[in-house]
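**Student:** So that we are looking at the same thing, I have put the structure below in structure tokens.
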Amino acid sequence: MRYQISGKQIDIGEALQTHVKTELGVIVDKYAERPTNVTVIFSKSGAEFNCEAVVHLSTGLTAQANAHTHDIYAAFDQCAEKMEKQLRRYKRRLKDHHSHRSEPVELAGASSYILAATEYEEDQEPDSLQPMIIAEMETHIPTLSVGEAVMQMELAGAPVVVFHKEGKTGVNVVYRRPDGNIGWIDPNNAN
């Protein structure tokens, strides 16, 4: 397993890196089969330290957790607890999906854009209907079953997951509805 531990504009020492590798190694070995890599990023926002951890699994799924507090070690420990809880909760399903999937999740390339937020008064109309693009990135759209997409959404803590449904063409979406249920958009079943 490959670890990438870094700090955004802060220096992290060898002791913290060793602590991260030891603690996350135990958690990942206990709950996930064959993780491929772990990325941990520390940053500082005001007086608080932020820790974000991402674990990429061999099945193509990704687990993500983050935490923040006034101590950098405590921030990591809280983040590791969240990661352990997610992986523990999905351990059986992770193993089930791994046994049914002989190949890793297939990924297709796509462009991802970040649009500038605009603030308007209620009675004011926008100058243009063309939003300003402030960032453009490459992203990947995985080929998953609906169950795997829902699990990916839960593991990543994301409000929405865009994916290709296995054996179908077109793009599907699963999302968390305001009532707490999961919504699924399947354009192939539209009449």
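**Student:** Taking every pair of distinct Cα atoms and averaging 1/r, then inverting, what Kirkwood hydrodynamic radius in Å comes out for the range 2-92?
**Tutor:** 13.1
**Student:** Still on this model: Among THR39, THR139, which comes first, then next, by fewest other beta-carbon atoms within 10 Å?
**Tutor:** Neighbour counts put them in this order, fewest first: THR139, THR39.
**Student:** May I ask you to evaluate 6.51 cos²θ - 1.76 cosθ + 1.60, the Karplus curve with θ = phi - 60°, for each residue of the range 14-27 and list the ³J(HN,Hα) values in order in whole Hz, giving x for glycine and proline?
**Tutor:** 5, 4, 5, 4, 5, 4, 4, 4, 5, 5, 5, x, 5, 5
**Student:** Using 0.36 nm per residue, how much length does the chain from ILE134 to VAL146 gain when fully extended, once their Cα-Cα distance is taken away? Let's see the in-between values first.
**Tutor:** Details: separation 12, 0.36 × 12 = 4.32 nm, distance 3.17 nm.
Residue separation times 0.36 nm, minus the Cα-Cα distance, leaves 1.2 nm.
**Student:** Give the order of ASP77, ASP29 when sorted by the count of other beta carbons within 10 angstrom, beginning with the fewest.
**Tutor:** Working: ASP77 16, ASP29 11.
Lowest count first: ASP29, ASP77.
**Student:** OK, next. Just to be sure I understand: of the beta bridges DSSP finds with both ends in the range 2-92, what percent are antiparallel, rounded to 5? Intermediate values should be presented prior to the final figure.
**Tutor:** On the way: 18 of 25 bridges.
Counting DSSP beta bridges with both partners in the range 2-92, the antiparallel share is about 70 percent.
Every read-out reported here was derived from the displayed coordinates using simple, explicitly stated rules and does not represent laboratory data. Everything numeric in this text was worked out from a predicted model, so none of it was measured. Methodologically, a virtual Cβ is constructed for each residue, glycine included, from the backbone with ideal geometry; neighbour enumeration extends over all protein chains shown.
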